[in-house]
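A short worksheet on the structure shown next.
Bear in mind these aren't lab numbers, they're just calculated from the coordinates by the rules spelled out. Keep in mind that what you see is a predicted model, and the values were worked out from it rather than measured. Note that we place each Cβ from the backbone using ideal geometry, even for glycine, and neighbour counts take in every protein chain shown.
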Amino acid sequence: MQTQVEIVDLLGAQSTYKEGFFTKTAVETFAKGLTESVVRAISAKKNEPQWMLDFRLAAYAHWLTLPEPHWAKAEYQPLDYQDYSYYSAPQCGNCANEACASAGAVSEPEIDPEVAKAFAALGIHLGAEGEEAEIAVDAIFDSVSVSTTKSRALLEKHGVIFCSFSEAVQHYPALVQQYLGTVVPHHDNFFACLNAAVASDGTFVYIPKGVSCPVPLSTYFRINEAKTGQFERTIVIADEGSSVSYIEGCSAPVRDSYQLHAAVVEVIVHADAEVKYSTVQNWYPGDDNCEGGILNFVTKRGVCKGARSKLSWTQAETGSAITWKYPSCILEGDDSVGEFYSVALTNRRQQADTGTKMIHIGKRTKSTIISKGISAGKSENVYRGLVKILPTAEGARNFTQCDSMLIGKQCGAHTFPYLEVQNATAQVEHEATTSNVGEDQLFYCAQRGIREEDAISMIVNGFCKEVFQKLPLEFAVEAEKLLAISLEGSVG
Amino acid sequence: MLLQVENLQATVADKEVLRGLTLNIKAGEVHAIMGPNGAGKSSLASVLAGREDYDVTGGSAVFQGEDLLEMDPEARAQAGLFLAFQYPVEIPGVSNKLFLQTALNAVRAAKGLPALDMFEFSQFVQEKMSLLGMRQEFLTRDVNVGFSGGEKKRNDMLQMALLEPSLCILDETDSGLDIDALKAVAQGVNAMRSPDRSFVLVTHYQRLLEYVAPDVIHILYQGRIVKSGGMELVAQIEEQGYDAIAAAA
């Protein structure tokens, strides 16, 4: 009970974060700490085959040798990895044993009503209602996927695999083994390595050859338990000539301590296929005194394997205490296309170090980067991007535009563009601007009767318009609302 | 009395800009305020509209019976005080249509009127645009971005026509305009003249006054109004210059 009172108190103080509620339900949470036996226990809990356990153990052994990275322009104390729990799942009443995971897809397990309620409060409907929706959803609560809507219909009618990562390991082991760790190997970086060791749940998507996925697929991540890490692993594969729009949303309750989120996303795009990957990230950003919030250390990378393949990342980042995230494209196939459209807004004491990497390998590969950073309060907002043109990338082209907007005088905006061009036929363009939401603009709006908060929201939305136009419509609306909420109190 | 300004004193960045200015405007009147550079013309417009960097150090201003100086800039706008800017501001990414609709609905909300939806707004704005002879593309362009000087001023006139204020202050709206743009501004003012709407034309030149006949002309000099009169003052300024008139006053 004591915890609940604290949460309510915190919520009172944090009226600006409306997703900050906490769900009280029976959960099974591992004791804090990370050892090889914890890795084995996670694997056992999920009833995983030997190859998956081996993947985890190899990663864990390597992780022990790595130092925690601190090169990002974000300050945080070294984390105590023994102070987190690496597995937490709501107990489903009728199957509280290990067989649950393997039985998962065959007979849909009952969804904990409290968990279903939590998702409904976030506007995500599971169960029968979810089957009627215009969008398919994989709902992930702490370490496990609790429900995947439309999964069966998509599979039967279109051959589309849309399920939780754990289910995929059980039911599609060959596919998972073929792609797992091929884009982000376990030794890629510290957090990706940690993820490979303790991966909780994530989403697995496979679009067969020539299929254009009839509905957008989405995953909603909810971190609920305190001091729990979420380490989802998501794999999206678009086979030749297929296409899919995939969307992820995230939120968490208000907590007074850091929560760790270290996800890995791997996207594989085969010839003539197209993947549009959109994220609306609204993790709890922490309070004004820098207490709590989500540490969002995420590795997202896709490979455009085949000719004329296309991968497009669109993100609206408004949450997290610290964001460390660089959704990237490896443009291997000739004439493949990579895009990165980003809006990152920081307020209060948030720190964001985000951007992209575009690695041009194939001939005539093309990439576009449009990044809009908005800093308010006492926050720091960094764009960090790499455009690398390899000697093989004849006629490659890149266009980069980085715009920063400052609101108030106590925040910072920084741009670190890295360019490596090893082929003289490449064309690379970079444009950058920094602007203030000027007193003049605010006064102009005020003189026309518009309240300051509405004016800021309008000016910032105007600034982000190019990127929001790339988001699926309903998410664009969501992102605009989020910006308005996140900007509250940004001008003193 | 629509606006009563008594002995108004104000500073900006610790510099005295208004030094006891008195001005009374009745409903339906058009006042012109003329003066040399640095006399405090734009300061007067800014102080009345509530620009933050100006500190009022003394005096009073009562607008429609309310203490104007106690009101936020947006409250002043909502109450019917409109300022046409010397340099209208650009807002990239925000369409003029959205801006106009947001402003209009904010002012309507303050008056307790329901918001106009897209359709109603379109009709309303069309009327006003044809009144001012403006082209359609005005609505889809970003607020003042890439507008010529004349277009920006016309856009301000359109806002004025939409918001239907009771007091319109034109802060050197005529400066830097070619003759066609100047006529367009004058046309906007003349079309909106009515017994319950007043205008303050802050201007450097007499040119605008050839197209909009004011009821009263004031000469502003070193932060106060030193002389008021009719059109004959314009000729006097031409002949003698501001310094001589101020010295004689």
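Per-residue 3J(HN,Hα) values for the range B:185-192, derived from phi via the Karplus relation 6.51 cos²θ - 1.76 cosθ + 1.60 with θ = phi - 60°, read 4, 4, 4, x, 5, 4, 5, 9 Hz in sequence order (x marks Gly and Pro). Using C-alpha pairs below 8 Å separated by at least 6 residues, the relative contact order for the range B:154-249 is 24 percent. Karplus-based coupling profile of the range A:453-463, in residue order and whole Hz: 5, 5, 5, 4, 4, 5, 5, 5, 4, x, 4, with θ = phi - 60° in 6.51 cos²θ - 1.76 cosθ + 1.60 and x standing for Gly or Pro.
Amide hydrogen proximity for A:Val303: with H placed 1.01 Å from N in the peptide plane, the residues at 5 or more positions away or on another chain lying under 5 Å are A:Val267, A:Ile268, A:Val269, A:Ile330.
I need the calculated FRET efficiency for the pair A:Lys157 and B:Ser148, taking r as the beta carbon distance and R₀ as 45 Å, to the nearest 0.05.
The computed FRET efficiency comes out at 0.20.
Within the same chain, lysines fewer than 8 places from A:Lys470 are excluded, and of the rest, those with a Cα less than 21 Å from its Cα are A:Lys276, A:Lys300, A:Lys310, A:Lys325, A:Lys357, A:Lys366, A:Lys372, A:Lys481. Once C-alpha pairs closer than 8 Å and six or more residues apart are averaged by separation and normalised to the residue number of the range B:1-143, the relative contact order reads 22 percent. Legend: calculated FRET efficiency, A:Lys209 to A:Ala133, from the Cβ-Cβ distance at R0 = 35 Å, rounded to 0.05, equals 0.85.
Putting +1 on Lys and Arg Cβ atoms and -1 on Asp and Glu Cβ atoms, find which of A:Tyr341, A:Leu34, A:Gly302 reaches farthest to the positive end of the dipole of the protein assembly as shown. Farthest towards the positive pole: A:Gly302. Taking 17 Å as the straight-line reach from the Cα of A:Lys388, the aspartates and glutamates in range (excluding those fewer than 8 positions away in the same chain) are A:Glu332, A:Asp334, A:Asp335, A:Glu339, A:Glu420, A:Glu429, A:Glu431.
Axis angle, to the nearest 10 degrees, between helix B:118-131 and the longest C-alpha principal axis of chain B: 50 degrees. Close amide H partners of B:Gln86, meaning residues 5 or more places away or on another chain with modelled amide H under 5 Å apart, are B:Asp171.
Our summary of shape: the Cα atoms of the range A:356-460 have principal axis extents of 57, 26, 15 Å, ordered from largest down, in whole angstrom. If R0 is taken as 45 Å, the Cβ-Cβ distance between B:Ser228 and A:Gln401 corresponds to a FRET efficiency of 0.25. Taking the Kirkwood radius as Rh and the Cα radius of gyration as Rg, the protein assembly as shown has a ratio of Rg/Rh equal to 1.08.
Sorting A:78-85, A:367-374, B:172-179, B:112-119 by average packing, meaning the other beta carbons within 10 Å per residue, from highest down gives A:367-374, B:172-179, A:78-85, B:112-119. Between the amide H of A:Thr279 and those of A:Glu248, A:Thr314, A:Gln315, A:Ala316, distances stay under 5 Å, these residues lying 5 or more places away or on another chain, with hydrogens modeled in the peptide plane. Per residue of B:82-94, other chain Cβ atoms within 10 Å of the residue Cβ number 5 on average.
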